[in-house]
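Peer 1: Okay, handing you the structure first.
The values are calculated or read from the model by the stated rules, or taken from the named source; none is laboratory data. What you are looking at is a predicted structure, and each value in this text was computed from that prediction instead of being measured. Cβ placement follows ideal geometry from the backbone for every residue including glycine, while neighbour counts extend to all protein chains displayed.
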Amino acid sequence: MKKALMVASVASMIDLFNMNNIEILQKLGYEVHVACNFEEGSITSDQRIKDFKEELKQKKIRYFQLPIPRNIFKIKEIFTSRSLLSKLILENDYDLIHCHSPIGGVVARSAAKKFRKKGLKVIYTAHGFHFFEGAPIKNWLLFFPIEKYYSKYTDLLITINKEDYELSRKKFHSKHNKYVPGIGVDVNAISNQQFNRSNLLQELGLSEKDFIVTSVGQLSVRKNHQVVIKSLPLLDDKNIKYIICGLGELENELKKLAANLGVIEQVIFTGYRSDISRILAISDCFVFPSLQEGLPVSLMEAMATPLPVVCSNIRGNKDLITNEENGFLIDQSDENLYAKSMQKLLDNPNLRKKYKTNNLMDIKNYDVEKINNEMKKIYSTINNR
């Protein structure tokens with residue numbers, strides 16, 4: 001039986017973004033293994049990681065712990081992970097490695113170098129390079145040379161947004177480059193879900209009269225939730241409620257900010273939720289102020305719900321949202337623009353309807369079935385490349 005190894009920095013990357021890929025590989029006759037850091041760094045809860053391990057066992061997927069860090073300056077952990085992965089490749093004689101995330105990609109491609117001479121194929125999916133138009137110069141100085149160097153040891157480089165694809169195609173040395181727009185979303189399941197709306201509203205302390213704005217993402221600097229919190233006092237409407245779904249190191253800081261601005265009763269911190277699609281379905285608007293993205297799944301899920309969108313004018317978001325066609329693309333740091341955009345949606349039901357209709361139409365291009373078919377073609381032909 002052919003063997004494939006899925007590698008990422010953290011377990012949540014496999015759990016949230018690669019189970020479809022694993023299922024495709026299994027259907028193609030591969031025995032699939034997983035290697036990543038199960039012990040720290042994931043953006044989901046500890047209980048979710050525990051449950052995920054059990055699900056892997058049930059699916060007969062062997063998994064291995066690697067101490068891959070999320071910080072590129074933790075050199076010791078990176079070298080330890082590389083050594084452990086090299087041993088794993090030698091012991092299991094893999095035919096294919098599919099790696100993800102910047103550090104996971106470096107560890108995997110470094111470990112796989114000598115094995116490629118024996119026929120091992122390496123696919124690397126970049127879920128959004130750290131260097132992009134408008135990124136800090138330090139990101140270009142540090143991450144660009146690393147990605148360019150390791151592209152030499154990549155049989156297929158997959159990028160998930162158009163900006164990254166054009167850059168990799170022109171600047172990198174990978175044998176082949178492919179644009180695949182993310183992992184896709186199940187448009188039909190999201191847009192036609194059935195559940196008890198009243199129960200969920202009650203659980204979250206909300207009512208039918210509230211105008212519900214929702215964001216999804218780790219409570220981190222990168223996700224930029226504070227700009228939306230700062231916009232709430234400018235709206236001066238206590239019926240506007242802001243749901244933030246996610247865990248992260250900035251939770252206390254964001255709660256303190258909301259309290260200091262007098263809007264703490266309008267902000268609901270849900271923590272990690274497994275029912276994001278339902279929370280989106282009770283919402284009136286999706287706000288996504290992120291500073292950096294590849295091709296955000298949560299934004300695609302919001303489009304499939306469907307919801308009107310207010311989001312930052314950055315790479316990835318621009319692939320999905322056209323300003324004043326299916327949402328607003330605005331400066332990520334301007335709370336005044338966030339307030340004005342949300343007010344326009346609040347005041348104009350016809351505008352909300354227009355954006356919802358357009359989003360449901362546009363997101364069909366990113367349906368999971370289309371993406372899965374593309375990945376099946378890639379896995380089926382990788383040995384011929």
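Peer 1: Which numbered condition in (1) touching a Cys at 6+ places or on another chain (Cβ under 6 Å); (2) part of a loop (DSSP other than H, G, I, E, B); (3) not basic (Lys, Arg) is the only one that PRO181 fails?
Peer 2: The number of the failed condition is (1).
Peer 1: Now, a different point. Please go through region 267-291 and give me each residue that is out of contact with any Leu (no Cβ under 9 Å at 6 or more places or on another chain) and in a loop (DSSP other than H, G, I, E, B), ordered by number.
Peer 2: Result: ARG273, SER274, PRO289, LEU291.
Peer 1: Does GLU374 satisfy being of a type outside the set (Val, Ile, Thr) and outside any helix (DSSP H, G or I)?
Peer 2: Taking the combined requirement at face value, the residue does not satisfy it.
Peer 1: Every residue in region 131-156 that is in contact (Cβ under 8 Å) with a residue 40 or more places away in the chain, under 21 Å from the mean Cα position of the chain (by Cα) and on the phi < 0 side of the Ramachandran plot, please. Reasoning before the result, please.
Peer 2: At the first step, the residues of region 131-156 found to be in contact (Cβ under 8 Å) with a residue 40 or more places away in the chain are 132-135, 142-143, 146-147, 150, 153-156.
Restricting the remaining residues to those that are under 21 Å from the mean Cα position of the chain (by Cα) gives 132-135, 143, 147, 156.
Matches in region 131-156: PHE132, GLU133, ALA135, PHE143, GLU147, LEU156.
Peer 1: Additional query: Evaluate region 213-227: report whether one residue or more is touching a residue at least 40 places away in the same chain (Cβ under 8 Å), more than 29 Å from ARG70 (Cα to Cα) and not acidic (Asp, Glu).
Peer 2: Yes, because at least one residue in region 213-227 is touching a residue at least 40 places away in the same chain (Cβ under 8 Å), more than 29 Å from ARG70 (Cα to Cα) and not acidic (Asp, Glu).
Peer 1: Given the structure, is GLU301 assigned to a helix (DSSP H, G or I), at pLDDT 95 or above, surrounded by fewer than 20 Cβ atoms within 10 Å (Cβ to Cβ) and among the acidic types (Asp, Glu)?
Peer 2: Values: assigned to a helix (DSSP H, G or I): yes; at pLDDT 95 or above: yes; surrounded by fewer than 20 Cβ atoms within 10 Å (Cβ to Cβ): no; among the acidic types (Asp, Glu): yes.
No: the conditions fail for GLU301.
Peer 1: For the structure I just gave you, tell me whether SER290 is touching a Gly at 6+ places or on another chain (Cβ under 9 Å), at pLDDT 95 or above and of a type in the set (S, T, N, Q).
Peer 2: Here the answer is yes, as SER290 does meet what is asked.
Peer 1: OK, next. Taking only region 220-236 into account, find how many residues are over 21 Å from the mean Cα position of the chain (by Cα) and either in a strand (DSSP E or B) or modelled with pLDDT of 95 or more (or both). Working first, answer last.
Peer 2: From region 220-236, those over 21 Å from the mean Cα position of the chain (by Cα) are 229-236; that's our starting set.
The next check asks that each one be either in a strand (DSSP E or B) or modelled with pLDDT of 95 or more (or both); those that pass are 229-235.
So the answer is 7.
Peer 1: Also: Looking only at helices (runs of 4 or more DSSP H) that lie completely in region 1-117, which have at least 2 residues being under 21 Å from the mean Cα position of the chain (by Cα), assigned by TED's automatic domain parsing to the domain that holds HIS127 and modelled with pLDDT of 95 or more? Don't jump to the end; show me each part of the working.
Peer 2: Details: elements: 11-17, 19-27, 46-58, 75-92, 102-116.
Ranges flagged: 11-17, 19-27, 46-58, 102-116.
Peer 1: Follow-up question, since we're still on this one. Give me the pairs, please: first residue somewhere in region 269-284 and under 18 Å from MET300 (Cβ atoms), second residue anywhere and surrounded by fewer than 17 Cβ atoms within 10 Å (Cβ to Cβ) and among the hydrophobic types (A, V, I, L, M, F, W, C), beta-carbon distance under 7 Å, and either six or more positions apart or on two chains.
Peer 2: Filtered contacts from region 269-284: ARG278/PHE195; ARG278/LEU200.
Peer 1: Hey, could you check region 312-363 for residues that are among the β-branched types (Val, Ile, Thr) and touching a strand residue (DSSP E or B) at 6+ places or on another chain (Cβ under 9 Å) and say which is surrounded by the fewest Cβ atoms within 10 Å (Cβ to Cβ)? Explain how you work it out, then say what you get.
Peer 2: Filtering region 312-363 down to residues among the β-branched types (Val, Ile, Thr) leaves 314, 321-322, 330, 357, 363.
Then drop every residue that is not touching a strand residue (DSSP E or B) at 6+ places or on another chain (Cβ under 9 Å), which leaves 314, 321-322, 330, 363.
Values: ILE314: 25, ILE321: 25, THR322: 12, ILE330: 19, ILE363: 24.
In this case the residue turns out to be THR322.
Peer 1: I'm checking my understanding of the structure. Among residues of region 157-179 that are surrounded by fewer than 20 Cβ atoms within 10 Å (Cβ to Cβ) and touching a residue at least 40 places away in the same chain (Cβ under 8 Å), which one is farthest from GLU301 (Cα to Cα)?
Peer 2: Selected residue: LYS175.
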